[in-house]
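Data first, discussion second: the structure below is written as structure tokens.
All of the numbers you see were taken from the coordinates with simple rules; none came from a lab. Not measured: the values here are computed from a predicted model. No Cβ is skipped: glycine too gets one built from the backbone with ideal geometry, and neighbour counts run over all protein chains shown.
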Amino acid sequence: MGYASAKEVLALALPDDLYVDPPQRAHLRARYEPAGVIEGVELLWKKKNGEQIIVSLYARAIRNARGHVVAYEGLVLEVTARKRAEEALRASEARYRNLFENANDMIATFTLDGTITSVNRGLEVTLGWFREELIGQHYSKLATPAALALADERTRRALTGEELSSIFEAEIVRKDGRGVPIEVRSRFIRDAAGQPIGVQGIFRDLTERRRAEAAVLAERTREPELTPREREVLRLLVAGKSNKEIKAALFLSTSTVRTHLSHLFEKLGASDRTQAVMTALKHGLVRLE
């Protein structure tokens, strides 16, 4: 408390010198004096230098022969550090809960044997399940047989100490039975001793990514649509003919030949004659003669 001696403490003017909120002492006496026992009541006191601290009070009343309270004896424990740690923990848990619930990705936690212990709103929305339908169930309710086998194998290997990538791909199942491709990020949940007691999984829906990849692949493999004249120009181009030779063979003007070549390069995704020829051969648009 910062006082030099017991004499200095005994000289304090209560409650003003000790209580941050002086009326609190009167409320405390009114509540606990009839029973005569105070156990673990937390109060806000102040040190000699004015610094505020949190204390936990344990005391009993001393009464005279008439039953009147003449003094209290007991123990005062400073719990400021503990209370601040508890508040920090509550704030941290609140932040985690907010992130957990509002994440766009699906998040779930499991015991080591696969029992679902929590799911977030993102998982409910994406898969169509209510959390009450999932918590307490085995995760086989969400996984395809292949994904289940993969998860079991990864957990077994990780528990032996093998270093595995925390990111992998799998497939889970919506409530309506449709499969959802996912990217999985997993980690062990550990106890205070560092021993694994569960698993947290963060699942990202890859459906839109897969559609985009398929669209890009289809575009890349789609045969370019060429006009009959462009095919004639392309055939001569593959045969190694120059612009002048193409012009003579097809009775075209120089500018028209250049226009057809420009259209061909654009449709074939080519930047020059060689690349245009390679792309045309790849798609089977022409054959080498």
Legend entry - Linear extension gain, Arg190 paired with Ser262, 0.36 nm per residue minus alpha-carbon span: 19.6 nm
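Given the C-alpha atoms of the chain, compute the convex hull and give its volume per residue in Å³. Numbers along the way, then the final one.
Numbers: hull volume 90.0 nm³, N = 289.
Taking only Cα atoms, the chain has a hull volume of 311 Å³ per residue.
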Inset, instruction - Considering Cα pairs under 8 angstrom that are at least six residues apart, work out the relative contact order of the stretch 6-83 and quote it in whole percent. - result: 22
Inset, instruction - List every residue whose amide H lies under 5 Å from the amide H of Ser118, counting only residues 5 or more places away in sequence or on a different chain, with H placed 1.01 Å from N in the peptide plane. - result: Thr109
Legend entry - Cα long-axis angle, helix 23-32 against the chain (0 to 90 degrees, to the nearest 10): 70
Inset, instruction - Report the label-to-label distance for Ala65 and Arg209 in nanometres (one decimal), using points 7 Å from each Cα along the Cα→Cβ vector. - result: 8.7
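Report, in deg cm²/dmol and to the nearest 500, the calculated mean residue ellipticity at 222 nm for the chain, where each DSSP H run with n ≥ 4 adds -39500 (n - 2.57) and the sum is divided by the residue count.
Helices in the chain give a 222 nm mean residue ellipticity of -13000 deg cm²/dmol.
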Legend entry - Packing rank of 10-17, 41-48, where each peptide gets the mean count of other beta carbons within 10 Å, highest leading: 41-48, 10-17
